[in-house]
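This report refers to the structure that appears directly beneath it.
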Amino acid sequence: MCVFLQIAAKKSAISLKEVLAVANFPVLSHSKCYGSTATQYKSANYCRGNDVHTHKVMWQQSKGNVLAQIDAPIRSINLLAFVHLRNIHASTGAGRTARQLVEHLAAKQGIALQVLADASDKQRILPVVGQPWTDYFYHSFTKDTSAQQMRWFLTDRPPAESFWPEAEVVYCTGESYVPVQTAKLAVTVHDAGYFDQNAHQINLAYIQTRFKWNLLFRKLERRADLIHTVSHFSAERLAHHFPGLAPRIRVVHNGVTPLFFGPVAQEGIEYLRQNQLADRLFVLVPGGLHYRKNADLILAALPALLQRFPDLVVAVVNHANPRYAAEAKKLGPRCRLLGFVSDAALHALYSRAAVVWYPSRYEGFGLPIVEAMACGTAVLGSNSSSIPEIAGDAALLVDPADATAHVEALSMLLTDEAARQALSDSGRRRAHLFTWERSATQLREHFAALL
């Protein structure tokens with residue numbers, strides 16, 4: 001296949017990178033980012049071989065005429081997006097992914113997008129988020145989102161076509177289910193964390209959520225036409241736990257919100273000043289304090305790190321579990337829990353930090369990694385789950401179980417300006433591989449292949 005693509009690129013007078021982008025191959029820096037499961041990635045039904053063979057190797061039948069596909073007319077798709085609107089405001093992670101994908105899909109040629117949402121969420125959220133969400137056409141249901149989801153799951157009624165009869169693809173932007181009659185059903189699933197070991201702390205809430213998601217994913221095995229997930233790691237794990245999904249899994253990486261590629265806004269500069277961080281040496285922890293984000297390791301490493309660097313502040317963004325928050329406060333004022341911050345403030349924090357520290361136990365993608373890279377800041381992360389795939393060789397990755405190794409890695413980066421600059425340069429380059437424009441283009445291609 002690679003030889004064919006190289007020949008096609010030469011005959012078509014376009015770069016191999018451009019050919020790979022059209023073919024929906026992930027353009028990653030090197031193969032080692034897949035770690036020990038590389039053979040699984042290459043052989044699984046959801047991934048390059050089967051997916052690209054099914055949908056792209058038609059080029060071979062046209063004798064390498066890649067440009068014919070590029071110039072082919074775009075078929076219009078009536079796309080009904082089911083969105084949990086409450087998650088797109090003040091959003092991180094999955095909520096940010098839903099918001100950015102919908103916005104970029106709606107802007108693409110050949111997409112006629114309408115939104116299916118909770119009526120009360122629509123009334124409450126649209127005035128806050130504004131355009132382009134206030135410009136979309138909406139179909140609403142009166143039940144709360146959770147109650148509506150339960151009704152759909154148990155009764156398969158009402159179908160999506162009762163809201164928009166002309167819908168061709170119904171797209172659930174997060175882990176959920178909407179029954180369809182003639183339309184195709186596509187669902188975004190971010191990871192298999194509730195079914196993998198060590199991703200979540202085992203308690204009653206975990207058991208309840210795992211049970212609920214198991215029922216949902218079994219339903220999707222029977223009813224979904226396409227499962228979109230955000231990394232090859234997540235695809236492999238989903239296929240492992242739910243083999244019936246494997247042939248329908250397609251990988252489209254997340255992107256970086258354009259804001260993070262630009263200069264810091266005045267709002268962000270003011271935020272740094274108000275929090276006495278504008279002229280302070282600080283490490284940013286963007287994942288909050290939770291079991292899955294490895295709060296235990298963070299809190300174990302901080303005493304030694306703060307003792308080694310008397311002027312250092314560690315700033316923690318996003319929600320902190322109360323138990324971990326209480327432990328963090330015992331470390332004194334140099335460990336600051338900033339809570340949720342606006343995108344402008346987050347942009348400033350990423351850009352001003354000496355190092356962004358993301359030692360997560362388990363990720364389906366890891367948005368803070370590429371957001372920090374886009375801002376030009378050195379990243380220290382874990383060598384686990386999807387993180388090596390996303391970070392490539394543009395971040396320093398350490399064992400998520402070794403607090404001492406994290407202290408030493410942070411110490412090296414804080415004292416070695418050349419090392420930080422090298423990661424800054426490689427990180428900026430890598431971040432440009434992950435854009436929401438590219439993600440929406442690839443997702444649209446997968447939707448088109450269903451019709």
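Count the net charge of all other residues whose Cβ sits under 12 Å from the Cβ of Ala315, scoring Lys and Arg as +1 and Asp and Glu as -1.
Neighbourhood net charge equals +4.
Count charges around Asp121 for me, please; just the other residues with Cβ under 15 Å from its Cβ, Lys/Arg as +1, Asp/Glu as -1.
+3
Using 5 Å bins from zero, what percent of all Cα-Cα pairs in the range 294-416 falls into each bin?
In whole percents, the pair-distance histogram is 2, 11, 21, 24, 25, 14, 3, 0.
Given a Förster distance of 25 angstrom, what is the FRET efficiency for Arg218 paired with Ala449, based on the Cβ-Cβ distance and rounded to 0.05?
For Arg218 and Ala449, the calculated efficiency is 0.55.
Loop only by DSSP, 16 or fewer other Cβ within 10 Å of the Cβ. Give me the chymotrypsin sites (Phe, Trp or Tyr not before Pro) in the range 249-358 that pass, ordered by residue number.
Within the range 249-358, the qualifying chymotrypsin sites (Phe, Trp or Tyr not before Pro) (loop, at most 16 other Cβ atoms within 10 Å) are Phe340.
Between the DSSP loop rule and a limit of at most 16 other Cβ atoms within 10 Å, which trypsin sites (Lys or Arg not before Pro) in the range 83-147 are left?
Loop-located and lightly packed - Lys108, Lys143.
Between His240 and Ala405, how many nm apart are label points set 7 Å from Cα along the C-beta direction?
Each label point lies 7 Å from its Cα, and together they span 1.8 nm.
For Gln123 and Gln201, calculate 0.36 nm times their separation in residues minus their Cα-Cα distance, and state this gained length in nm to one decimal.
Between Gln123 and Gln201, full extension yields an extra 24.5 nm.
Please give the length that would be gained between Gln274 and Asn383 if that part of the chain were fully extended, namely 0.36 nm times their separation in residues minus their C-alpha to C-alpha distance (nm, one decimal).
35.8 nm
Between Gln109 and Gln181, 0.36 nm times their residue separation minus their Cα-Cα distance comes to what?
My answer for the length gained is 23.3 nm.
Using label points projected 7 Å from each Cα along Cα→Cβ, tell me how many nm separate Glu166 and Arg428, to one decimal.
4.6 nm
Can you find, among Leu349, Leu338, Trp436, the residue farthest towards the positive end of the dipole of the range 315-451? Put +1 on the C-beta of Lys and Arg, -1 on that of Asp and Glu.
Among Leu349, Leu338, Trp436, the one farthest towards the positive end of the dipole of the range 315-451 is Leu338.
Excluding same-chain residues fewer than 8 positions from Lys219, which aspartates and glutamates have a Cα within less than 15 Å of its Cα?
Asp156, Glu175
Explain nothing, just the number: relative contact order of the range 129-181, from Cα pairs under 8 Å at least 6 residues apart, as a whole percent.
Relative contact order here is 35 percent.
Every number in this text was worked out from the coordinates using simple rules, so none of it is lab data. Source: prediction; values computed, not measured. Neighbour counts are summed over all protein chains in view; Cβ atoms, including those assigned to glycine, are modelled from backbone coordinates with ideal geometry.
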